[in-house]
Amino acid sequence: MPTAPPPSRDVALETRVFWERFKKEITAALIIVLLAVIGFTGYRFYSDRRAASASASLASAKSAQEYQQVIARYPNTPAAADAYLLLAEAQRSEKKFAEANATLQTFIAKYPQHELVSTARMAMAANLESMGKTDEALAMYQQIASAYPNSFNAPLALLSQVHILKAKNRNDDARRVCETILTQYRTSFWAGEAMQQLRLIKPISSPAPGPTQTATAPPLLARPPAPAPPPAPQAPPSPKKP
């Protein structure tokens, strides 16, 4: 028995019906996409021009005041991040170590994922060392070496600890830090520096005997003392006269 052929579909008619049913929704979606593309393109154009202007201003800046102007006019730009570091360096050159550390701390807070965060912390530790706060500087060097073990500042932070420890006569601790550098960075430039510092550390030596001190033999090897002579017999008492 022959089967009936399927009913033919008019694609053009179905498309027109679909358009008539969802014309408003489709038009609204297209407008939204178009506005998003225009907005993104405009934002990228504005950001690129702003970043270029910030880079040009930073390139012409030479003083601390000009670096501050770049930070104020172009916040949240790569040039502003670099301006923080250059401002801190300018403050350090003027012996304003506390102000430089405040600038570096602001940089770290605003750009925690920046690739030069460990460098900023190293600069802060060096400023603390310049202010005579060696204990705080030593603690910061230890934090840098622990928090950024794979950064290029990690071996420098370890070597900086050695200089402070030697100044504090903590030669054993300084020797251990040098051995850590030799173990972790044995094929680098820093291994040679650590070896040189290790040679300069005085070995632990026992104090030399003074002029009044004499060497004594161990108890088991010493000659036994000579026996004491027997006591002399006492004379009998003389009789008393009447």
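The values are calculated or read from the model by the stated rules, or taken from the named source; none is laboratory data. From a predicted model like this one, the values you see are computed outputs, not experimental measurements. Using ideal geometry, Cβ is built from the backbone for each residue, glycine included, and neighbour counts are taken over all protein chains shown.
Laid out as a table, the results:
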| item | result |
| --- | --- |
| Residues (part of a helix (DSSP H, G or I) and surrounded by 15 or more Cβ atoms within 10 Å (Cβ to Cβ)) located in the range 107-125 | Phe107, Ile108, Val117, Ser118, Thr119, Ala120, Arg121, Met122, Ala123, Met124, Ala125 |
| Tabulated pairs, the range 50-72, first surrounded by 12 or more Cβ atoms within 10 Å (Cβ to Cβ), second in a loop (DSSP other than H, G, I, E, B), C-beta under 6 angstrom, 6+ apart or interchain | Ala51/Thr77; Ala54/Tyr74; Ala54/Thr77; Tyr67/Ala61; Val70/Ala61 |
| Residue that is modelled with the highest pLDDT, among those in the range 85-130 that are among the aromatic types (Phe, Trp, Tyr) and within 24 Å of Asn150 (Cβ to Cβ) | Phe107 |
| Members of the range 87-106 that are surrounded by 21 or more Cβ atoms within 10 Å (Cβ to Cβ), under 14 Å from Val117 (Cα atoms) and not hydroxyl-bearing (Ser, Thr, Tyr) | Ala88, Asn101, Leu104 |
| Any hit, the range 137-144, residues being modelled with pLDDT of 85 or more, among the polar types (S, T, N, Q) and closer than 30 Å to Ala98 by Cβ | yes |
| Hey, Ala59 within 30 Å of Ala137 (Cβ to Cβ), aliphatic (A, V, I, L, M) and at pLDDT 85 or above or not | no |
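A quick yes/no check of all residues on (1) of a type in the set (A, V, I, L, M); (2) modelled with pLDDT of 90 or more; (3) part of a helix (DSSP H, G or I):
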residue	(1), (2), (3)
Leu156	yes, yes, yes
Ser160	no, yes, yes
Leu165	yes, yes, yes
Asn169	no, yes, no
Ala174	yes, yes, yes
Thr180	no, yes, yes
Thr187	no, no, no
Ala194	yes, no, yes
Leu198	yes, no, yes
